[in-house]
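So the structure is just underneath, and the comments pick up after that.
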Amino acid sequence: MKPAGRGQPPSGAAAGAGAPNAPAAAAASPYPTLSGSVINLSKMREEARRALIELLDSVKGKKVLVLDPKLSGPLGQVVEMALLKEHGVEKIYYVQSGRFSTDSRTIVYLIRPRVELAKRIAENIENHKNEGQSKEYHVFFVPRSTTICVTLLEEHGVDNVVTMGEYPLDLIPYDDDVLSLELDSSYRECFLEGDRSSLYYVARSIMKMQASFGIIPKITWKGNASRLVAEMLGRMRKEFEHELPNTSPDIDQLLIIDREVDLITPLLTQLTYEGLIDEIFGISNSFVEIDPNIIGAVAAKKDGPPVDPNRKHKVPLNSGDRVFSTLRDLNFNNVGPLLNKKAREIDEYYKQRHNNLTPPQLRDYMKKFAATQQEHLSSTTHTAVALHIQKVVRDPAFLSRLEAEVNLIGESNSIDDYIEECINKQEPLVKVLRLLCLTSLVNNGLKVKMHEFYRREIIQSYGFEHILTLDNLEQLGLLKRQEGKNTFPSVRKNLNVYSEDVNESEPKDINFAYSGYAPLSIRVIQNSFKPGWEVRDDLLGPQDRMTQTLNGSTDKLPNSTRNNVTLVYFVGGVTFAEISLLRWLSRQEGNLYGDFVVATTKLINGNSFLQSIMENMTPPPPPVQPKPSGKKK
Amino acid sequence: MSLNPSSDWIEIQPGCFYQRREPYNMEWGAVNPSKFRLVAASYGGLLALTREDRKIVKASGAETDLRPRIDIYTQAGKRISYIVWNKTKIAGMGWTDDEKLIIVEATGTVYVYSLRGKEELQFSLGQMARDSGVMEAKIWGTGLVAITNNYDILVINYFQNLTVQNGKAPEPPKARLYPNPSLAEPPVAWAVIDPQYTQSLNAEVIIATRTTVYTVDVADVQDQMTGTYGTFLVIVPSPNGKYVACFTEGGSLIIFPSDFSKKKTEFSTEYKMPPEQMAWCGGDSIICYWAKLKAILVIRVASGDIAKPYVSQYEQPLFLSSECDGIRIITPDRSEFIQKVPDSNESIFSIGSTSPPAMLYDASYLFERKNPKADEMIRSIRDMEFAVEECLRAAANETSPYLQEPLLTASAYGKTFLDSTFDSTKFTDMCKTIRILNAINDNSVGMPITFVQYEQLGLPNIINRLVERHQHLLALRISQYAGLKQEKVLVHWACAKVVGSTASPDEVLHSIVDKLKNSPGVSYAEIASIAHLNGNTDLATRLLDYEPRAAEQVPLLVSMHQEDTALIKAINSGDTDLVYSVVLSIKRKCRSAAEFLQSLKAKPVALQLLMSYCKQQGDLALLRDIQIELNRIPEAGNTTLIQAYKEPELKKRIDTLEESFGILARNKDTFMAKAVEDQIKLLHLQKDFEATIGGEYVDGSVSDTITKLILAGQNAKASKMQKDFKVPDKRFWWLKIRALAATSDWNSLDKFSREKKPPIGYEPFVEVCLEFKSREEAVRYVPKVASPAKRAMYYATLGMLEEGVEAAKLTKDPNIFQQMKTHFSSNNRAKEVLDQLTEQFAR
């Protein structure tokens, strides 16, 4: 744990939620309203909030809350700091090892059931015992307690002073159409370590959704992990039959697709606005932190309170922000013109007050005032962000990377020279690995000589401690030696995966989010809606479909006045660009697909995806990089 | 006139009416209750009878079994079961609220029997009770008090759970020792106030000695100083715990509040002998019984002074049992219930009543007979809602359908005059309740219960009582009818079947599965646990197969020592936590690691989890042992690598790496082994460099090391590294020129660029110069760059328009001029020039 955590509330969303720290961030609502959702997601958020409050109230009196650092962001989506205070939480800490000093007599731990964290809690308690401090301990596991953690507390002999409980938080609404379990390492655990816990959590979360929104009549799945989830759903249906409602379903279809079906997409660079924000700045729990020197001028202009010049601006990214929601799904090249248009509109609006307005006009003007002001702030923020992104994407380094990606995906041309140069320039390892894995996936592996070569190059350049990362990638089939027939060309052809003909401003197909590449995952989803769809194993994995009979009378057919609703569950993670493409699909004229709601184990991009697989052996030495000496010629 | 029950009312005091409820005729063939010790469960519950030691009975000759026995009957005198009592003296006997029979033996052992006469649990009250023996014990709905022969008071306030759950025997309750009032002789009388009615929620024990009364609480003893009233021979607390009725040696009946603060009322019975039985009838009157008088005295104490008691003759011996709203009187051939007429019924049926419900009742009667007066009457009712609700209540209070019907009709009639704010479910719910009451009040069920008792006990408890009595069908129908969950009833039925049936396991299984197949929420695991406890493991296993919830199935299988099956079920469920729980319990059972692994060998999912568990726990040694045992050599090698990198000391790290090399060398793919070998070599070299050159080398990569060597001017060593580690020329050149640029060693960089034609071209030279901020040096290398496009862009970056344009012209590509423009954003002339050129080349 970082020393900053000791004695100080964490800077995570849960703690920061009460007070957005920048005027720009204060402009839009920091959390999605969920009012635009096709199913009642606010019900889910309410339920999660209620359960958390109940849990806090079950512990009498004032208390301190000690959090799993990884829960801070997700919890921030559910509850605000002020509400925690109302329910007796005096302070929030992160779980730390060894001694934990607090004046409070009552400590509430809220953690994922991870052994490492349970160990820390045991250490805290043992320390208090040795110091003769008597305190009340409550440990709540999210979403449930596990035998391992409970056994660990028992083995440390602290279970008799601890009250244990569960906080069944699973899918958290991140937007009107996005839900996430926020399990960081689900792909790694499931496919590398053979620990299928996350699949069980996925199945359980679907059962919970069915309990709220009715039995989903149709389940389509694609991929081996999806098959396991579907099988579990079948069993759980029998187990929990009596808990399922017999109301007519709000969701018409569940489509489960796992990351193994399409490993290519997350490795490519996303070119939608939201995708690029994620690639360049990194989006964490629907917020992005922007350097003040990028956005600072914006904040300074407004007559807000003085801002710490070193503090990053936290910008909420959700559909509650009308400006952002019109931009997020577009290819970045459309963002500039749209922002300009917006700026003109806002300008026009402000100019109106110089006209002599009649009273009804004035009333109309005032009615729009607050909203326009908010849009103004938001568009100023996004203009600053977009300008920075523009700088990045016009940089030759970025362009050569894109060129390399297109070469690979479109023509299977070798990009070995480019990768080698990246290594020689000591570019970030994760970038090199993204390109290497892509090469391997597109070519069904690397030639023996190159395989050997790259592995040695990486170890010699980035250090021996990455050797297990390479081994992990190999085991997962992301970076392997060539063997057997390469199937990618036929997949590319059959699924029309690449086309040079991209219309970025008025797209005709889903290839605008990745410069000509149409993600395999989305193609698979599109295909599942086609009439000729059949049960089979193809190059991308097995697929099947089952129907679930509804409880009660069979005449409770879905309400025909609304669009069909499909819940797409990406097991192992989904990128923002993929979500954007699903939104685009359902916005098309003569919409074949109805509405989509996306659920996933984790919102990812190529970097976070690969980082979850990387193995960092200690001691990690800092790579020696000659730094500019600062001396001028 | 309408049907009126008031003619059967007894006016025990002017204006105060009592009634007898329809009695049961006892089926027990003239058992004389006076010859027995008899205890009755509250709420019309069961009776338990045993022969009193001190009461002599003539052997009838017909009975051959003379061993002491405890018989269990319903209120209708139907025998359900019996217990053969082959133990020592009984110190106390009583029923709990859920109809478990508690028997306290004089030795201090407590026995818990089901109503079927099966011993379910026994436990001791502790050493004190064992040592001195229990003199007497009293049992109430949730607990017991025992007084030892040393006058120590032992209390169990709440039994909690006395039944087997999920195959686990209940935790025996522990008795608490109350403070001792230092008695010198046995108490004259004593009683217990139910903990639910005391302030501390602990039972209070009231003990009468010759001179005073003590109230003993969990915390202290309080002397109530009642000496002036004389010795109390009988003490009986009221059913609601508010009052205590005391019979004095002078023949007076005195009522105190239960804290003895102030005498409430006193009445002289004029009998010196204490009554054989004294009991409360509800909360407002006392009934005393003297066998000699062949009569009971009903003494109403609710309001102020006690006037004349009411006397009722009983030729036969009888037994009294209090209820919250009345009293049961059990005689050899009848069981009847006496209560004060409920207020609703009194206000409707008392002669000449003009209360709204009475008016409604009469109006409804007239309406039924098409009498127009009904209308007038209806209009005169001011509070119709009250009238409707009272008629409903009155209907529920009556036992006879002949009276229920007109009352319900009246209520329904009145309801039509109410607006929509009236909650009609009140009416339908009450009708349901009445039907249920009628069903369980039936002779064949023998659960005579009033509406008030029904509400206090609650339907779920009533259903529990029914299933315990094996009235499963009725219980099921009532659950269905009332919309309650039926699973519990079904499971109980199945459990009873498992225990009681003499059929073959096959038949039992089939009959159970057949009955339960349409009830998805049923817990087969619970049924199986009963079968297991009953010693029928085979049936248990087969029943468990029907349990859809793995989380229920698996723990039971583990406790049945069927870990293998448990593991398979756990794995199939996909619930990894269940798998862990089985794996850990197997681990606990196995004597050696090898045995443990052997038992998991065929279960890859479990093994995988075990390994992930080791990783999480940081138990790498065990992890490696497992991997080696399973012949997963590469993985074992990797684990050793992780171990090596946990070693802070270099020497140990190298040793562990050697070990890892040893393991990995067995592998087909030689890459890993080779990499480890190289790393060992590198670490040795780095150690040497640190010793000979100085600085930090250890743990850097090969590239880092070469860079450092160049920075330290150790070019020869750097070149040797290149050769030894087969570093490609390209990378070596990059490393070298960056290192030189970083130290601004421009001369060496220049020299190096001339050594031979760079394998990486000249672009990197330009780039490193730019990176390390030397435009001058950069300019030197631009002309050598092969690609004219790149040359053009570099010149543009350096602000050299003319040179750039020259290079760009060679490309003949109009786009290049536009790209160059971005570097001249503040130079309008340059922009113009570039735009012109773009146009020129575009043509």
Looking at the stretch B:567-595, which of the residues that are within 11 Å of another protein chain (Cβ to nearest Cβ) and among the hydroxyl-bearing types (Ser, Thr, Tyr) is surrounded by the fewest Cβ atoms within 10 Å (Cβ to Cβ)?
-> B:Ser585
Tally of residues being open to solvent by less than 30 Å² (accessible area, probe 1.4 Å) and within 14 Å of chain B (Cβ to nearest Cβ) across the stretch A:148-181 = 5
Would you check which residues across the stretch B:754-766 are over 15 Å from B:Arg731 (Cα atoms) and assigned to a helix (DSSP H, G or I) and list them?
-> B:Arg754, B:Glu755, B:Val766
Restricting the stretch B:713-735 to residues that are within 22 Å of B:Glu777 (Cβ to Cβ) and either open to solvent by 30 Å² or more (accessible area, probe 1.4 Å) or outside any helix (DSSP H, G or I) (or both), the one farthest from the other protein chains (Cβ to nearest Cβ) turns out to be B:Asn715
Somewhere in the stretch B:627-639, is a residue at pLDDT 90 or above, more than 11 Å from every other protein chain (Cβ to nearest Cβ), surrounded by fewer than 20 Cβ atoms within 10 Å (Cβ to Cβ) and under 30 Å from A:Ile148 (Cβ atoms)?
-> no
Looking at the stretch A:460-476, which of its residues are without any contact (Cβ under 8 Å) to a residue 40 or more places away in the chain and more than 7 Å from every other protein chain (Cβ to nearest Cβ)?
-> A:Leu470, A:Glu474
Given (1) assigned to a helix (DSSP H, G or I); (2) free of Cβ contacts under 8 Å to residues at least 40 places away in the same chain; (3) surrounded by fewer than 17 Cβ atoms within 10 Å (Cβ to Cβ), B:Leu484 misses just (1)
Do any residues in the stretch B:451-462 that are under 12 Å from B:Ile478 (Cβ atoms) have Cβ atoms under 8 Å from those of residues that are modelled with pLDDT under 90 and open to solvent by less than 20 Å² (accessible area, probe 1.4 Å), where the two are at least six apart or on different chains, and which pairs are they?
-> B:Ile462/B:Met447
Only one of (1) within 28 Å of B:Gly446 (Cα to Cα); (2) modelled with pLDDT of 80 or more; (3) out of contact with any helix residue (DSSP H, G or I) (no Cβ under 6 Å at 6 or more places or on another chain) is not met by B:Gln13, so which one is it?
-> (1)
Of these, B:Lys601, B:Lys615, which one is over 28 Å from A:Glu239 (Cβ atoms), at the interface with chain A (Cβ under 10 Å from one of its Cβ atoms) and not polar (S, T, N, Q)?
-> B:Lys615
Quickly run through the stretch B:690-708 and pick out the residues that are away from chain A (no Cβ under 11 Å) and not β-branched (Val, Ile, Thr).
-> B:Glu690, B:Ala691, B:Gly694
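From B:Lys517, B:Lys497, grab the single residue that is surrounded by fewer than 18 Cβ atoms within 10 Å (Cβ to Cβ) and among the basic types (Lys, Arg).
B:Lys517
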Just name the residue that is surrounded by the most Cβ atoms within 10 Å (Cβ to Cβ) out of those in the stretch B:80-129 that are in contact with a helix residue (DSSP H, G or I) (Cβ under 7 Å, 6 or more places away or on another chain) and either farther than 26 Å from B:Glu323 by Cβ or aliphatic (A, V, I, L, M) (or both).
-> B:Gly108
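Results for (1) of a type in the set (Ser, Thr, Tyr); (2) within 13 Å of chain A (Cβ to nearest Cβ); (3) surrounded by 15 or more Cβ atoms within 10 Å (Cβ to Cβ), shown as yes or no for each residue.
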{"site": "B:Thr541", "(1), (2), (3)": "yes, no, yes"}
{"site": "B:Glu552", "(1), (2), (3)": "no, yes, yes"}
{"site": "B:Gln562", "(1), (2), (3)": "no, no, yes"}
{"site": "B:Thr565", "(1), (2), (3)": "yes, no, yes"}
{"site": "B:Leu610", "(1), (2), (3)": "no, yes, yes"}
{"site": "B:Asp625", "(1), (2), (3)": "no, no, yes"}
What about A:Ile423, is it within 14 Å of another protein chain (Cβ to nearest Cβ), surrounded by 20 or more Cβ atoms within 10 Å (Cβ to Cβ) and either of a type outside the set (Ser, Thr, Tyr) or assigned to a helix (DSSP H, G or I) (or both)?
-> yes
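For A:Pro507, are the conditions met, namely being in a loop (DSSP other than H, G, I, E, B) and either in the same structural domain as A:Lys222 (by TED's automatic domain parsing) or free of Cβ contacts under 8 Å to residues at least 12 places away in the same chain (or both)? It would help to see each step written out before you state the result.
Details: in a loop (DSSP other than H, G, I, E, B): yes; either in the same structural domain as A:Lys222 (by TED's automatic domain parsing) or free of Cβ contacts under 8 Å to residues at least 12 places away in the same chain (or both): no.
So A:Pro507 fails the test.
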Of the residues in the stretch B:140-158, those that are within 23 Å of the chain's Cα centre (by Cα) and open to solvent by 10 Å² or more (accessible area, probe 1.4 Å) come to B:Gly141, B:Thr142, B:Asn157, B:Tyr158
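So that you can scan it fast, the table gives a plain yes or no per residue for (1) in contact (Cβ under 8 Å) with a residue 60 or more places away in the chain; (2) over 28 Å from A:Asn224 (Cα atoms); (3) open to solvent by 40 Å² or more (accessible area, probe 1.4 Å); (4) within 14 Å of chain B (Cβ to nearest Cβ):
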position	(1), (2), (3), (4)
A:His451	no, no, no, yes
A:Ile458	no, yes, no, yes
A:Leu478	yes, no, no, no
A:Glu483	no, no, yes, yes
A:Pro489	yes, no, yes, no
Condition test on A:Gly214, is it in contact (Cβ under 8 Å) with a residue 60 or more places away in the chain, more than 30 Å from A:Val432 (Cβ to Cβ) and small (Gly, Ala, Ser)?
-> yes
Does any residue in the stretch B:135-157 that is among the charged types (D, E, K, R) come within less than 7 Å, Cβ to Cβ, of a residue that is not in a strand (DSSP E or B) six or more places away or on a different chain, and which pairs are these?
-> B:Asp152/B:Met128; B:Asp152/B:Asn180
Scan the stretch B:401-418 and give yes if some residue there is open to solvent by 30 Å² or more (accessible area, probe 1.4 Å) and over 22 Å from B:Leu366 (Cβ atoms), otherwise no.
-> no
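Go through the stretch B:200-255 residue by residue and tally those that are hydrophobic (A, V, I, L, M, F, W, C) and open to solvent by less than 10 Å² (accessible area, probe 1.4 Å). Reasoning before the result, please.
Within the stretch B:200-255, the first condition is being hydrophobic (A, V, I, L, M, F, W, C), and the residues that meet it are B:201, B:203, B:205-208, B:213, B:216, B:218-219, B:221, B:225, B:232-236, B:244-247, B:253-255.
Applying the additional criterion that residues be open to solvent by less than 10 Å² (accessible area, probe 1.4 Å) yields B:203, B:205-208, B:213, B:216, B:232, B:244-247, B:253-255.
Result for the stretch B:200-255: 15.
Quick grid of which residues meet (1) on the phi > 0 side of the Ramachandran plot; (2) free of Cβ contacts under 8 Å to residues at least 60 places away in the same chain; (3) out of contact with any Phe, Trp or Tyr (no Cβ under 6 Å at 6 or more places or on another chain):
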site: B:Ala191; (1), (2), (3): no, yes, yes
site: B:Asp194; (1), (2), (3): no, yes, no
site: B:Leu201; (1), (2), (3): yes, yes, yes
site: B:Val221; (1), (2), (3): no, yes, no
site: B:Pro239; (1), (2), (3): no, no, no
site: B:Val244; (1), (2), (3): no, yes, no
site: B:Thr248; (1), (2), (3): no, yes, no
site: B:Gly251; (1), (2), (3): yes, yes, no
Any idea which of A:Leu408, A:Leu377, A:Leu362 is away from chain B (no Cβ under 13 Å), touching a residue at least 40 places away in the same chain (Cβ under 8 Å) and in a helix (DSSP H, G or I)?
-> A:Leu377
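The values are calculated or read from the model by the stated rules, or taken from the named source; none is laboratory data. Please read these numbers as outputs of a predicted model, since none were measured by experiment. Virtual Cβ from ideal backbone geometry, glycine too; neighbours counted across all protein chains shown. SASA here: full protein model, heavy atoms, side chains in, ligands and nucleic acids out. Shrake-Rupley method; radii C 1.70, N 1.55, O 1.52, S 1.80 Å.
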